Every structure is written in structure tokens, then in C-alpha cells.
Amino acid sequence: MWGGRFASGPDAVMEEINASIGFDRRLAAEDVEGSRAHARMLAATGVITSGDADQICDGLLTILSEIEGGTFEFSRALEDIHMNVEGRLTALIGAPAGRLHTARSRNDQVALDFRLWVRARTDEAIAGLEALIRALVAQAEGREAVIMPGFTHLQSAQPVTWGHHMMAYVEMFGRDLTRFRDARARMNECPLGAAALAGTSFPIDRELTAKALDFDRPTANSLDSVADRDFALEYLSAASIAATHLSRFAEELVIWSSAQFRFVKLSDRFTTGSSIMPQKRNPDAAELVRAKVARITGAFVTLSTVMKGLPMTYSKDMQEDKEPVFDAADALSLALAAMTGMVADMTPNEARLREAAGAGFSTATDLADWCVRKLDIPFRSAHHITGALVKAAEERGVDLADLTLEEMQAVEPRITDDVYSVLTVDASVASRTSHGGTAPDQVKAQIARWKERLA
């Protein structure tokens, strides 16, 4: 490739650090797709003949079938997927292969291939998130009134419902869904035709190649076209946030499935046993999902660090853009699939959830709210009264509802026996009727809204 300028080949160490075929072979399908679109455009604009374009396109399909069939011989000496494909094309069709690179550089070629690959992975992430959201909605539907404890600081806070908790994650993953969709819209511009950095003097039609490759439009600035890796950074950013949400849910599943909590049972399909302890059911899938965030967030940090000090336009540093994205995409795809499977298969322990919902004086806020409504006192005063009653119950070793009316009136004489109507977990949940609250009717409304959105 460098024969006209260089008298000798690269040092072995140079070949080792320079070659990327070991990982960028994953761009083979995108490279063939982009090259076929480029060849057709060159023929349509009269830059090359239609006969040469036909040979090029047919040869590229042969190469793709060889790669997919496992018979293609990759060469480290040819550095990357682009030159490997071009080298094989030359061997197949001869001189016409040399016309393919007219009005194109490896700079815009790799920018195109990588963008096509990231776009496809973005579509996969969108589909994976939609599947997970559907599984969560299915878990919520029919369990809108299943009582469970709500936590802050992992301490009992107020009773909520299983359906409400599942729908909280629907909202989280729904935001992830919009982030990927937004990123896809921004990345859907075609850099092909920017050439090395300044465009080309050949009469190419960039609108034609953009349309052929299903882009909305060509990129607007040739310098930015080859320098840009925002599409990959945005993908990794969205993936990092989604992985954080996956990790948070995975952490809850690890806790919930423990013998101490017994909130949920994970299926045999997503748990493992122990080599020495026959009673164990380990939530390995959840633990591994929890760990994937490290790889994905690490990939974002890696690429942002690679890009942060680069002058315009292309630098060889940018060869380091692909491996972290490849790894993160694999990790995200696997984590989404595993979480979707766990959610679809898991069974909540409704009796245990209800039992735990009443622990830790979880209806204390309901008592304070009752004092505000019925006694017409400021909330801070009601908070103080309730705190004193919690202390009294704690000293007796009973729940709030087990205090006698006389014991309550010793703290606040105006309390009546009507207070007991708000001291059950069912009453607590039913009272949270504000928009987005945990009352079953509100949860049903959330489910209906998401089912309509998914449809």
C-alpha cells in the first residue's frame, strides 16, 4: 500500500502496534456494504464504468460470503479489514478493484463502517430495552395491589406495591430507551465522501450514498466527518447509564433472593449451585449483570480519554476507538438479555413481601398525616407526636397499631380510635393516590400508559 513512498517494510514492532485486523474484522459486513454503495455511486456519476462497478460489487459479495463462511484468510500485513477486503478484491477481479478507492480515503471509510456498526448496535439496544420493559410491565400487571416494603437507605420506609416497584424500573429503562433513540437520530448522517479530510474533486453524489445506506443525510463538514466519534461516545454514554440501572436492579435481585429477605425466587435457568454446599441457589446471572457496568463505563472513559487531546482531523489514536465499543456492546447485549430472562421468570413471595411491608413502623408517616388532617396541626408537630409514639411502641416491642388508644392519648390527648384505620399496610398503600403514587389504581394507570406506548 505504501510502495510508492516507502523503500522498505515496517519493523515487526510497528506491524504489531499498527495492525487492527485482529479486532476490526468485526466491521466486515459494514465495509462491504459501504464499498458497494460507493461503487454504485461512482458508476452513477460517471467516475467509473458500470461494468467495473458490477465486477466490484459482485466481488465484494463473494468476499463477504467467504468471511461469513470462515474461509477468508486475514492478513496482518494488510493491517485492517479495509485493506484485507481490497486486497482480496484485487485477487478476485484484477484491475477494476483499484478503482474502488477513487474519491475515498480510509479515513471516511472507517468513519462510515464504524458508524454503521454502532447504529446497528444501537438498534439492538433499543430492541433489548423494549423487551425488558415488556417483561417488567408483565410482572407489574396483575400485581398492582401486592404489598411490599419500600425502602430508603435500605431501611423500611413506607409500604408500596410490587407493581409500583416494577414500574419504577420501567421508567428508568424508558429513559434509557429515549437516550438510545436520540443518539441514533444524531448519528444517522453519512460521512462517506469526506475523503481524507477535505472532500474530493471528483463529481460524487453524497446524497446518493447516504440514501443507499439508509442515512438521513450526508454529514455537513468534511473535517468533522472524519474527526467525529461522538456517535460512539453517545452510544457508550447511553449504555453506561442503562448498565447502571441494570446493576441497581441486579443488586436488588441479589438481596431479595437471599435467605434473609426471601422476597423473590429466581428460576433455575438464571441461578447456579455450589460445588460444596448443596443447599445453595446462587444469583450468578444477577451478579454478573451487576458487574457488567464496570466494563461498559470503563469503555466510555477509555474512548473519551482517547479523543480528548486529538487535533483535527484523523489521528492513528482513533484506531483505539473500536475495541472498547465492541466490548461494551457485547456486555450490554448480554446484560439486557440476562435481566429480561430473570424478570420474566422470577416469582415474588407475596406472603413474605406483605409481612416485611409492615415492619419497621412503616405506617408512621400515615399516622403523622392523620394527625395533620384530623387534628389540624402542622406537619412538624405531627411528626414530633408520631416520633414519640414510635419510641413508645419500640420500648414495648410492638407495632404502632398494637399501641392502645390510652397509650396514644398519653402522647396526644386528641387522638381518637379512628387513627387505627390508617395503620394497616393496605390502608397506607391505598391512600397514596397522587399522580405516580403507589395506590393500585395509579399503578394500573402507569401500566396502561406504558402498554399503549409500547404498542
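The values are calculated or read from the model by the stated rules, or taken from the named source; none is laboratory data. Here the structure is a predicted model, which means the values were calculated and not measured. Cβ sites come from the backbone with ideal geometry, for glycine too, and all protein chains shown count toward neighbours. These area figures cover heavy atoms from the full protein model, side chains too; ligands, DNA and RNA do not enter into them. Shrake-Rupley method; radii C 1.70, N 1.55, O 1.52, S 1.80 Å.
A search for C-beta distances below 7 Å between a residue of the range 248-259 that is within 13 Å of residue 281 (Cα to Cα) and any residue that is of a type in the set (Gly, Ala, Ser), counting only pairs 6+ apart in sequence or on different chains, returns 253/286; 254/286. Condition (residue is under 30 Å from residue 106 (Cα atoms), buried (at least 21 other Cβ atoms within 10 Å of the Cβ) and not charged (D, E, K, R)) applied to the range 275-290: is it met by at least one residue? No; the residues of the range 275-290 include none that is under 30 Å from residue 106 (Cα atoms), buried (at least 21 other Cβ atoms within 10 Å of the Cβ) and not charged (D, E, K, R).
If a residue must be part of a helix (DSSP H, G or I), charged (D, E, K, R) and more than 25 Å from residue 238 (Cα to Cα), how many such residues does the range 157-207 contain?
Selection size over the range 157-207: 2.
Residues considered: 42, 112, 64. Of these, the only one that is in the same structural domain as residue 325 (by the TED database), of a type outside the set (Phe, Trp, Tyr), part of a helix (DSSP H, G or I) and open to solvent by less than 40 Å² (accessible area, probe 1.4 Å) is 112. Of note, residue 451 satisfies the criterion of being surrounded by fewer than 15 Cβ atoms within 10 Å (Cβ to Cβ), in contact with a helix residue (DSSP H, G or I) (Cβ under 9 Å, 6 or more places away or on another chain), touching a residue at least 60 places away in the same chain (Cβ under 8 Å) and assigned to a helix (DSSP H, G or I).
Residue by residue, here is whether (1) under 16 Å from residue 115 (Cβ atoms); (2) surrounded by fewer than 19 Cβ atoms within 10 Å (Cβ to Cβ); (3) not β-branched (Val, Ile, Thr) holds:
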residue: 148; (1), (2), (3): no, no, yes
residue: 175; (1), (2), (3): no, yes, yes
residue: 183; (1), (2), (3): yes, no, yes
residue: 188; (1), (2), (3): yes, yes, yes
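Residue-level check: of (1) of a type in the set (A, V, I, L, M); (2) modelled with pLDDT under 95; (3) open to solvent by less than 20 Å² (accessible area, probe 1.4 Å); (4) within 25 Å of residue 209 (Cβ to Cβ), residue 27 misses just (2). The residues on offer are 92, 132, and the sole one that is in contact with a helix residue (DSSP H, G or I) (Cβ under 6 Å, 6 or more places away or on another chain), buried (at least 21 other Cβ atoms within 10 Å of the Cβ) and in a helix (DSSP H, G or I) is 132. If you go through the range 301-318 and keep only what is open to solvent by 70 Å² or more (accessible area, probe 1.4 Å) and in a helix (DSSP H, G or I), you end up with 301, 305, 316, 317. Considering the conditions (1) under 27 Å from residue 151 (Cβ atoms); (2) of a type in the set (Phe, Trp, Tyr); (3) out of contact with any Leu (no Cβ under 6 Å at 6 or more places or on another chain), residue 180 is excluded by exactly one of them, (1). Scanning the range 214-251 for residues that are in a loop (DSSP other than H, G, I, E, B) and either under 30 Å from residue 133 (Cα atoms) or modelled with pLDDT under 95 (or both) gives 214, 215, 216, 229.
Restricting to the range 252-274, and then to whatever is in a loop (DSSP other than H, G, I, E, B) and among the polar types (S, T, N, Q), can you tell me which residue is most open to solvent (accessible area, probe 1.4 Å)? Among them, the one singled out is 260.
Can you tell which of 439, 368 is crowded, with 17+ Cβ neighbours inside 10 Å, touching a Ser or Thr at 6+ places or on another chain (Cβ under 8 Å), free of Cβ contacts under 8 Å to residues at least 12 places away in the same chain and not assigned by the TED database to the domain that holds residue 161?
Step by step, each of 439, 368 is checked, and only 439 is crowded, with 17+ Cβ neighbours inside 10 Å, touching a Ser or Thr at 6+ places or on another chain (Cβ under 8 Å), free of Cβ contacts under 8 Å to residues at least 12 places away in the same chain and not assigned by the TED database to the domain that holds residue 161.
Residues of the range 200-207 include none that is of a type in the set (A, V, I, L, M) and either open to solvent by less than 10 Å² (accessible area, probe 1.4 Å) or touching a Phe, Trp or Tyr at 6+ places or on another chain (Cβ under 9 Å) (or both).
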